[in-house]
Amino acid sequence: MIINRLLIIIITITLLACKVDELTLDSKLSSEVTPTAEAGALSKTNYKNLTAEQQYQVANKLAGSLFQGVPADEFFDFDSNSKTLKVSESGKNFLEDTRAQLIVRLDNKGRFVNAIDRRHSFDDVRRPTAEPLAAIREFPISRDMFEEWMAYNLANTILFSPAEEIESANYVDVQRIYDGLVKAMSKDTSIRDIIFAHMTSQANWRRFRSPEDNTREMIEIYLGLFDRDADVPKASIACKNWYLSDGDNGYELIKDFGEENNEPQKVLDQWITTCEDFYQVVANHPLVIPRITTYLVDRFFPTTSSAKRNEIVKDIVAQNPIRFHDVFTAILFSEEYLLNNEKPKSFEEAFFNIAQRISWNNTSGFLNDLTNPRSGSPTLHKMKQPAMALKLGRFKDQPMDSLSFAYYHSAMRERLLARVNNNWGSWGDDFLRKGDIFEEEEYINFLFLSVLSRQASQVELDTMKSVFLDTDNEDGHANVNALTLRREQTRIVFDYISQLPELYFYPSVNNGVNQ
Amino acid sequence: MRRRQFIKSLGMFGGSILIPSMMGGQGLISSASAAGVSSRSLINARAMIQGEIDYVQPAVMPQIINVFLYGGPSELAGNLSNIDDINANSQNPYDTRLFEGGDRHTLNHFWGGGGNGAGGEIMERMIAKGRMSVYRTIHRVDDDSKAHRPSIFSNLTGMLGEDDMRPGIATNIASVLSANNVILPEALFPFVTFEGESVVFNRGSGDVPLQLRPISLNQNLRNPFQRPDNSALNSESDQAREVIDALAKTMQANGKARFTKAVDAFTKRNEIAGFIDNLSSKLENNNLPLDPDFVPPADDPGADVPELQYPGNGFGPRLRAAINLAIENPDSLFISLGNQGLGGWDDHNSAQDDYPPRMRNLMQSLEVAAKHLEARGKSNVVINVFGDFGRNVNLNNSLGWDHGNCQNLFTVGASASAGESIPGRELGKIVGKTYRTGKTSENRQYLKPTDDSYQCEPFAIAASIYKYFGVQNPEILTGGYSAIDETGSPNEWIDPNA
């Protein structure tokens, strides 16, 4: 009896302890915005009610959006005897685990920074455009990774682009803007304060280079107002003593305090005198949060109707988001995004997601090459989405014109999947070995799951098997070992997959691929 | 019926069949029928279109090369007629050599300066030879926006509006030509872009048949469309590759509605790959024509006539590719060039340093292009050069120009020696007179047409293009804006030989 009571006490204490931990985690989570309507999060129940394949699609939609990937053998329990797919425990808890990880710092970040140094080499000058991708690739899902990812996304938009392509900007500006964003977000700096700091920076003036240009663009970019032409000259009077020196003098931002304006100007219905006054008005304007939210929602939901997007924006804004973390999290974990949204994948979303899933290892020069405008490889420039270079930020959609797409496809097929050209890296035997437990059909399905998050259709299975038979019977092939055979079969399946449009899109999980 | 109502009325048949209902000859009506639209409605749609747009197939089918200068190019290279007054009122001074009488101010008020100028001497030559006209008063009055995005949208769609889904100029041309069965099914790549996606090819809310969708090419005619072999698929009979490809094609067709752009790209890949290979090998074996303007130096009267040479950077390679394409593939009716990666024209700072070399490069490239067309007898090719808007003429404190209004249109082509040109087209002119407006030492000072000057809205450029292709009432497509009056507008050109 006493032992029973002790046991009960021990169990109770243990349970209470768990509850406290959960409460701590919950209280951290509860400081995030939690939309409840159109932007409401995909609930645990609704996630678990999806089929195993659909859960995996959702997991990789989320992971892929973060440039990460969830390997099939980690998500499914392939060791079970079940003929149907069985989701592992980590797969079942993927959404809430990921959400929790995004607010927890790495306690051994230095080790991952070492990994960046050891696994990647960069051109000294162009380093700032490649290194962020290395950080995102090497850091596990964590607050640190999320901050790098958010900064990379933001610096590729009109909101914060360093505009490296223009004469007055350079890679130093890329570094400053990117690092500035990461640092600010690490301190939980508000969206408004980040915007204010950016507007007053030299990097911003190197992009928008005169009082009239700068004030006009700040009103358009951060407030979404394109018809305030009457305000612009007055705002430019307030900023008349700020200007950019010429190239010979290093494109420096000059603030001539001897020429500071002292005549009040009415701009955006407020009286201002100096340039800082103007930036304060913009940063504190009621339109900032709706505008930022709208812009980011438009990027993540490019094919969704404007009515629906407006509802999503309204729901997020109603929660009074303060930080970029709040807005991004609300978008990424929303049911609308994870289940219904369809959009072209950016190159990073597609490539890095699959790379992780098929244990693709990069050469040290991979990211340097990917971001090199002069490389002969299918670079981000050739796909019309250079990193942090475009003055007005990247297109909202991955460009799918024939030329840009040809490079995108070439990168996916030749550098990632079918191993035709390999100066970026390759998947290897460690990935193939994961398929040792499978018979031929199961192995084909494993490959499909690993890349497309679905199993092969019967037609696809039959076709792959017939092609295997055909190539296996070629001279020489009958004598190769099992691993080599698997390697060649993998290259065949992946070559085929590289030609499927669904590889380049996130289809709606609810609708399926071929509907 | 105003154009907006016209397009809206077509929309009642469903966005997905808006353009197909105009594509009478393309077999798409059946797919529209499958969408459940009554045949009466479809007949009405076709009747409306054919009733509204007065089309006559032109005797000379044009080929348009559209060079859009993103960022809004200053008009000063093409119009220094007010420079003395501009300088007197500017916050910061201009180079004195630009003033009237200075050695960078040409007879017809272009920004000269030879190897240090903005191409003014080239402009003088091109006008004198009948290879270019300059319209100095492309002047936005209606809904005058100085923001990039609305200006780009309206200038490349040829109409006002806030709807991002409105079709681009090239899409409208595709619609009209297809509805009138002018584009043959076997025509190869009638719409091409060297700048990737562009608003000029906006599809609008409808669909455009695959044949009429633009393909994008690299200016060096690189061929990423080729697919290197996968050794895992090597077999003597090539059957494995064919089997895989055939299945992939089937799956692509199944996903067509949802993944249109990727499907298009896959579908056209082989065709484009072959086309580029063919074109590249033709060009390898073709030298550029000899320079028709070459005058041997006095000390070497027997000097060989050199071949034309495009500038090796900037606009040179891109224009070379576009001209070669137009010559070798007469099916290419609309070719789009932008300046992405070639330096924007948004010269808010250091303008006197940055703008002239860019302009000079553009003019050098255009002059070679015109001579190239002339040598090949391509009198039907029209090269139009314009941008978002013109700029302020005050030099701001960053020594640049902010957004203005009045801009130039440079329209270029082969001189009359190349043969019968497009009816109504006239080269060798300078049109428009301007004056400076705005307060002394304030930033917002810009050029406006004088009261007695010819002027037109930017949408007149689109209307002119539609007219070249045979649309008699282009106002239908531009919301009321007519084509440029090329033959009736007064010519301000001063003949140096007069």
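Taking the criterion of being of a type in the set (Ser, Thr, Tyr) and touching a residue at least 40 places away in the same chain (Cβ under 8 Å), the residues of segment B:274-333 that qualify are B:Ser280, B:Tyr310, B:Ser332. Listed by position, the helices (runs of 4 or more DSSP H) contained in segment A:52-161 that have at least 2 residues being hydrophobic (A, V, I, L, M, F, W, C) are A:52-65, A:72-75, A:94-101, A:109-119, A:127-138, A:143-155. Listed by position, the helices (runs of 4 or more DSSP H) contained in segment A:186-232 that have at least 1 residues being within 13 Å of chain B (Cβ to nearest Cβ) are A:202-207, A:211-223.
Okay, residues lined up against (1) out of contact with any Phe, Trp or Tyr (no Cβ under 9 Å at 6 or more places or on another chain); (2) within 14 Å of another protein chain (Cβ to nearest Cβ); (3) surrounded by fewer than 19 Cβ atoms within 10 Å (Cβ to Cβ):
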site: A:Pro344; (1), (2), (3): no, yes, no
site: A:Thr363; (1), (2), (3): no, no, yes
site: A:Met388; (1), (2), (3): no, no, no
site: A:Gly393; (1), (2), (3): no, yes, no
site: A:Ser404; (1), (2), (3): yes, yes, no
site: A:Tyr408; (1), (2), (3): no, yes, no
site: A:Met412; (1), (2), (3): no, yes, no
site: A:Arg419; (1), (2), (3): no, yes, no
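What is the one condition in (1) part of a helix (DSSP H, G or I); (2) buried (at least 21 other Cβ atoms within 10 Å of the Cβ); (3) at pLDDT below 95 that B:Met123 does not satisfy? Evaluating B:Met123 over (1) part of a helix (DSSP H, G or I); (2) buried (at least 21 other Cβ atoms within 10 Å of the Cβ); (3) at pLDDT below 95 leaves (3) as the failure.
Against the list (1) within 20 Å of B:Pro73 (Cα to Cα); (2) touching a Ser or Thr at 6+ places or on another chain (Cβ under 8 Å); (3) among the hydrophobic types (A, V, I, L, M, F, W, C), the condition B:Leu362 fails is (2). Taking segment A:257-277 as the range and being modelled with pLDDT of 95 or more and either within 25 Å of B:Asn405 (Cα to Cα) or within 11 Å of chain B (Cβ to nearest Cβ) (or both) as the test, the residues that pass are A:Gln265, A:Lys266, A:Val267, A:Leu268.
Could you list, in sequence order, the residues of segment A:425-455 that are at negative phi, crowded, with 22+ Cβ neighbours inside 10 Å and part of a loop (DSSP other than H, G, I, E, B)? Hit for segment A:425-455 is A:Trp427, nothing else. Evaluated against (1) under 23 Å from the mean Cα position of the chain (by Cα); (2) on the phi < 0 side of the Ramachandran plot, B:Lys448 falls short on exactly one condition, (1). Of the residues B:Asp354, B:Asp402, the single one that is free of Cβ contacts under 8 Å to residues at least 24 places away in the same chain and in contact with a helix residue (DSSP H, G or I) (Cβ under 9 Å, 6 or more places away or on another chain) is B:Asp354.
In segment A:242-256, of all residues being in contact (Cβ under 8 Å) with a residue 24 or more places away in the chain and more than 21 Å from B:Gly404 (Cα to Cα), the one that is nearest to the other protein chains (Cβ to nearest Cβ) corresponds to A:Gly247. Yes or no: segment A:287-302 includes at least one residue that is in contact (Cβ under 8 Å) with a residue 24 or more places away in the chain, more than 30 Å from A:Ser142 (Cα to Cα) and assigned to a strand (DSSP E or B). No; the residues of segment A:287-302 include none that is in contact (Cβ under 8 Å) with a residue 24 or more places away in the chain, more than 30 Å from A:Ser142 (Cα to Cα) and assigned to a strand (DSSP E or B). Within segment B:137-146, the set of residues being crowded, with 22+ Cβ neighbours inside 10 Å and within 8 Å of chain A (Cβ to nearest Cβ) comprises just one member, B:Lys146. When restricted to residues that are assigned to a helix (DSSP H, G or I), within 14 Å of another protein chain (Cβ to nearest Cβ) and over 27 Å from B:Leu279 (Cβ atoms), segment B:315-363 contains 8. When the test is whether a residue is among the hydrophobic types (A, V, I, L, M, F, W, C), buried (at least 19 other Cβ atoms within 10 Å of the Cβ), more than 27 Å from B:Ile152 (Cβ to Cβ) and touching a Ser or Thr at 6+ places or on another chain (Cβ under 7 Å), B:Leu212 does not pass it. Residue under question is A:Arg419, and the condition is that it be among the charged types (D, E, K, R) and in contact with a helix residue (DSSP H, G or I) (Cβ under 8 Å, 6 or more places away or on another chain); does it hold? It is true that A:Arg419 is among the charged types (D, E, K, R) and in contact with a helix residue (DSSP H, G or I) (Cβ under 8 Å, 6 or more places away or on another chain). Could you say whether any residue in segment B:181-193 is in contact with a Lys or Arg (Cβ under 6 Å, 6 or more places away or on another chain), crowded, with 17+ Cβ neighbours inside 10 Å and not in a helix (DSSP H, G or I)? Checking segment B:181-193: not a single residue is in contact with a Lys or Arg (Cβ under 6 Å, 6 or more places away or on another chain), crowded, with 17+ Cβ neighbours inside 10 Å and not in a helix (DSSP H, G or I). With respect to the conditions (1) part of a helix (DSSP H, G or I); (2) over 30 Å from A:Glu164 (Cα atoms); (3) in contact with an Asp or Glu (Cβ under 6 Å, 6 or more places away or on another chain), B:Ala414 falls short on a single one, namely (1). Here B:Pro150 passes the criteria (1) within 14 Å of another protein chain (Cβ to nearest Cβ); (2) in contact (Cβ under 8 Å) with a residue 40 or more places away in the chain except the one numbered (2).
Does B:Ser198 satisfy the condition of being surrounded by fewer than 21 Cβ atoms within 10 Å (Cβ to Cβ), at the interface with chain A (Cβ under 10 Å from one of its Cβ atoms) and either closer than 25 Å to B:Gly316 by Cβ or modelled with pLDDT under 90 (or both)? In short, no.
For segment B:222-247, residues that are within 36 Å of the chain's Cα centre (by Cα) and closer than 27 Å to A:Lys343 by Cβ total 3.
The values are calculated or read from the model by the stated rules, or taken from the named source; none is laboratory data. All of these numbers come straight from a predicted model, not from anything done at the bench. Here Cβ is always computed from backbone atoms with ideal geometry, including for glycine, and neighbour counts include all displayed protein chains.
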